[in-house]
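What follows is a short report on a single structure.
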Amino acid sequence: MRIDCPLCGARDRREFHYLGAAVYLDRPGPAAGPEAWDAYLHQRENPAGRGRELWCHEAGCGAWLAVERDMTSHAVVSVRLAEAGA
Amino acid sequence: MRYSAWQVIRQGLTGNRGWAPVWRDPAPRPAYDVVIVGGGGHGLATAYYLAKNHGITNVAVLEKGYLGGGNVGRNTTIVRANYLLPGNSEFYSHSLKLWEGLEEELNFNVMHSQRGVINIFHSDAQRDAAARRGNAMLAQGDDAILLDRDGVRAMLPYLDFDQARFPIHGGLYHPRGGTARHDAVAWGFARGADRLGVDLIQNCEVTGISVEGGQVRGVETTRGAIRAGKVGLAAAGRSSQVAAMAGLRLPIESHVLQAFVTEGLKPVVDHVVTFGMGHFYISQSDKGGLVFGGDLDFYASYAARGNLPMAEHVMEAGVALMPMLARARVLRSWGGIMDMTPDGSPIIDRTPVGGLFLNAGWCYGGFKAVPGSGWSFAHLIATGAPHGPAARYRLDRFARGDLIDEEGRGSQHNLH
């Protein structure tokens, strides 16, 4: 599996660290209720198809990436910088 | 037919013409008291114990493929009860006790072999953790022996004791742990359930769950609609998709876990050996193949195959622990799809939908749990109340912050 980093180009999966679903980009505010935190930390859509997730190019530029990927084929559909919004 | 040595001799002398199919292949009826979704180890065990323990025999097990074709046939067959935390400790202890009587119970040879599990440690701090875990196991009533370096060397002389990175300081020995023949466990429970009147329906994929007024009414399948008073979901690996049919979102992310087997070799590894620091564990099948595996590939996946970096890592770790492994030839590898929960522990609970029960989130612990899970899930479905040893496996424990985080790694699905 190769991921096309917008800053470094296509690199081997070994250079990247996987965090989880892109729901991690929508961190609730401190005043959000327990339901919002439960959804953020635990509940997942877990699609058997395309989904968006957060990867870090830790052995490269260090950027956090929002990667759209197919969970059944491992095909990478699109890669954007997470700071640009997922 | 009751299996026995006498039957083997009798059938052998009469040309083996008397063996009959082990279970029926019924068409689905329009309605059942209980429908179990998923004909793997957990679903079949649940159906068996529903009939055996609770007298509920108007039951169907619906399987989209063939019986035992999912994760119950895609694991590394290890059976153990060496857990630390309340919740897991009593559950896996109960399950191991059921394993110890399983062959008599089912009249089926599941090749349960209590050859012992040894967890290797490499530092004083890890020795303390192993002693603590061993004491928790003893307090639960199970068995644990703390081995020093010489104790490990006497049992596992083939390990590299002086490797620079992870020198071996000792091990935690769990004598009652071991392995079993995974297919036979599914077949044994299937045969037992069938004999008690349960309909095992294969090639029958559930495509919808009917809910009216907050109460489950039945399921839609590729072989027609089936009404049911109660529905139990036991489809680990695809739990999120099945539960979504009833409008539920689960605290689960699916990951692929790889395993490997070498060509058949003469007996060499007599126990189950785990090398936690290298993410590697190994045992030898009765056929002679060295069966070993490592950690998740670490990214979400529904592909029943993994990627090469983890295969490479597992081989490296294996050779670091057991240099002789470099001479073995790997025959094949495979991947299983794990329901990973945020704390690494499973779910056996009611759901917000009346009459709909959930058995999911087994992470990598599902195989050894098969009898205990079936027993506890059947109790929950039959009585509506959680069964003692599984009472902490609640669906809402994440929202309540009452996690059972065996490895202490926090709420991230792929870290358990």
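Of the accessible area of the protein assembly as shown, computed with a 1.4 Å probe over protein heavy atoms only, carbon and sulfur atoms account for 51 percent. Annotation: region B:110-242 has a Kirkwood hydrodynamic radius of 19.4 angstrom, from the mean reciprocal C-alpha pair distance.
The charge dipole of region B:95-213, taken about its Cα centre with unit charges on the Cβ atoms of Lys, Arg (+1), Asp and Glu (-1) only, comes to about 400 debye.
Across region A:6-12, computed HN-Hα scalar couplings (Karplus, 6.51 cos²θ - 1.76 cosθ + 1.60, θ = phi - 60°) run x, 9, 10, x, 6, 10, 5 Hz from first to last residue, x flagging Gly and Pro. Solvent-accessible surface (1.4 Å probe) assigned to B:Phe298 amounts to roughly 60 Å².
About its Cα centre, the dipole of chain A is roughly 240 debye, where the only charges are +1 on Lys and Arg Cβ and -1 on Asp and Glu Cβ. Starting from the alpha-carbon convex hull of region B:117-166, give the projected area averaged over all orientations, in nm². Average of the hull's projected areas for region B:117-166 equals 3.6 nm².
Applying a 4.7 Å cutoff between beta carbons, the unpaired cysteines of the protein assembly as shown are A:Cys56, A:Cys61, B:Cys204, B:Cys363. For region A:2-84, the spherically averaged projection of the C-alpha convex hull amounts to 5.7 nm². Distances between placed amide hydrogens fall under 5 Å for B:Tyr32 paired with B:Arg227, B:Ala228, B:Gly229, all partners being 5 or more residues away or on another chain. Number of Lys-Lys pairs in chain B with C-alpha atoms under 28 Å apart and a separation of 8 or more places or on different chains: 12.
So, how do all the Cα-to-Cα distances of chain B break down into 10 Å bins, in percent, from 0 on up? Values per bin, smallest distances first: 5, 22, 32, 25, 13, 4, 0. Computed from phi, the 3J(HN,Hα) profile of region B:41-57 under the Karplus parametrisation 6.51, -1.76, 1.60 (θ = phi - 60°) reads x, 5, x, 5, 5, 4, 4, 4, 6, 4, 6, 6, 8, 10, x, 9, 10 Hz, with x in place of Gly and Pro. Compare B:Asn75, B:Asn307, B:Asn88 in a GNM of chain B, Cα atoms joined below 10 Å, and give the one with the largest fluctuation. Of B:Asn75, B:Asn307, B:Asn88, the most mobile in the Gaussian network model is B:Asn307. Take each residue in A:67-78, count the other chain C-beta atoms within 10 Å of its C-beta, and the mean is 3.
Along each principal axis, taking the top coordinate minus the bottom one, the Cα set of the protein assembly as shown gives 66, 61, 43 Å in descending order.
Probing with 1.4 Å while keeping every protein chain in the model, the per residue accessible area of region B:1-147 equals 45 Å².
A simple rule links phi to the HN-Hα coupling: the Karplus curve 6.51 cos²θ - 1.76 cosθ + 1.60 with θ = phi - 60°, which for region B:220-234 gives 9, 9, 5, 10, x, 7, 10, 7, 8, x, 9, 10, x, 9, 9 Hz, with x for Gly and Pro. To the nearest 10, the accessible area of A:Asp26 is 110 Å² with a 1.4 Å probe.
Rounded to the nearest 100, the interface formed by chains A and B buries 2200 square angstrom of accessible surface, both chains summed, with a 1.4 Å probe. If you average the C-alpha positions of region B:39-99 and of region B:173-203 separately, how far apart do those two centres end up, in angstrom? The two parts, judged by their Cα centres, are 8 Å apart.
The values are calculated or read from the model by the stated rules, or taken from the named source; none is laboratory data. Because the structure is a prediction, the values reported are computed rather than measured. Positions of Cβ are backbone-derived with ideal geometry, glycine not excepted, and every protein chain shown enters the neighbour counts. The area values use the complete protein model at the heavy-atom level, side chains included, leaving out ligands, DNA and RNA. Shrake-Rupley method; radii C 1.70, N 1.55, O 1.52, S 1.80 Å.
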